[in-house]
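One structure is given below, encoded as structure tokens.
Laboratory data are not the source of any read-out in this text; all were calculated from the coordinates shown. These numbers come from a predicted model, not from an experiment. Methodologically, a virtual Cβ is constructed for each residue, glycine included, from the backbone with ideal geometry; neighbour enumeration extends over all protein chains shown.
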Amino acid sequence: MKRILGFDGWFRQARRALTVAAAVTALAGATIAVADVATPAVLHLGALQYGTVHWELEHLQRRGLDRANGFELRVRLLADLPASRLALASGSVDGAVGDLLWAQARHEAGSTYAYLPFSSQIGDLLVPLASDIQGLADLRGKRIGVAGGPDGQGWLLLQQAARAQGLDLTDAAEVQFAAPPLLEQALRRGQLDAVLTFWQFAARMQAAGGVRSALRVESLLGELGLEGDVPVLGYLFPRDWAVRNANLLARFARAVRTAKHELATDPAAWAALRPLMRTDSEALFDALRAGYLAGTPAPLDAARIANLQRFLRLTGADPSRLLPAEAFVREQP
């Protein structure tokens, strides 16, 4: 508890700022007016060069939603997830998107992050078209490739759901961990029977043909007692930075909500993002757009925060050291 002394009061202040911010901006059909700020604060965010976060932030900048909310967004493109985590931990960026389990692990290690939900998308279990695998029970004795490593949230959820059916995948299946492109090659060569991978890689693999989804990881959440969408990815900001920049964080949250609303309601907004999406077919473009939109989380409230904390307990977090409710940034729709 000593690690978060003073954090609760700051988050109550941030909630009030976010509520006021939402009251003065109508998301649907709003006319964007540049905020009357002589020298807007600068927000430095890290984003994977080919990730979905880049799409969202590119739209935010293109539409001037940062300036409209009184700050200037500068994006630093990063090569991979380790580089993103290093940039965040070292302070070379103010924030970056990370997964909820990593935020929990850092909290347990003494470094608490403010968490603003980004997406509830996790991934798919893919199999060849002719495979007899239809669900978890069919994975016994199979060769499974897993993206994200042994502590990835998709893999942890898959194991938890299998255990609920009396199946221990670590004993009953042969498991290999690797990067998504390597796993795809192994599946197509017949060296693996199934691949658990991130949703955007799953969309690309299915668009290329020859594979199908045996199950979506998100579908397991209800079976495990979790309600609604679970935003397992979020914008992370170090505690000390968040305390000093409560108003800036509120402005950013408002800009992000507006960007998500525009991307959900204006198909033309996606034309400018298509070069970042690396799509060579309409089917893949449509699948990636639909996948991003499907992951859009609802604003947090007390019940949804409690649901996220249940997710953390379910995936092995220490119940006595859970990421506190005050670390989850609320904002109004």
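From most to least packed by mean Cβ count within 10 Å, the peptides 309-321, 157-169 give 157-169, 309-321.
The local environment of Leu220, defined by Cβ-Cβ distances under 12 Å, has a net charge of -1 under the rule Lys, Arg +1 and Asp, Glu -1.
Just to confirm a number: summing +1 for Lys and Arg and -1 for Asp and Glu over residues other than Pro297 whose beta-carbon lies under 14 angstrom from that of Pro297, what do you get? Please report the intermediate quantities before stating the final value.
Details: positive: Arg257, Lys260, Arg304, Arg330; negative: Glu56, Asp99, Glu218, Glu227, Asp229, Asp301, Glu331.
Here the count lands on -3.
Of all GluC sites (Glu not before Pro) in the stretch 144-237, which ones are in loop regions per DSSP and have a Cβ with at most 15 other Cβ atoms within 10 Å? Answer in residue order: Glu227. Taking a Cβ cut-off of under 15 Å around Gly123, the surrounding Lys, Arg, Asp and Glu residues balance to a net charge of -3, with basic ones at +1 and acidic ones at -1. Each part gets one Cα centre, and for the stretch 103-146 versus the stretch 148-225 those centres are 7 Å apart.
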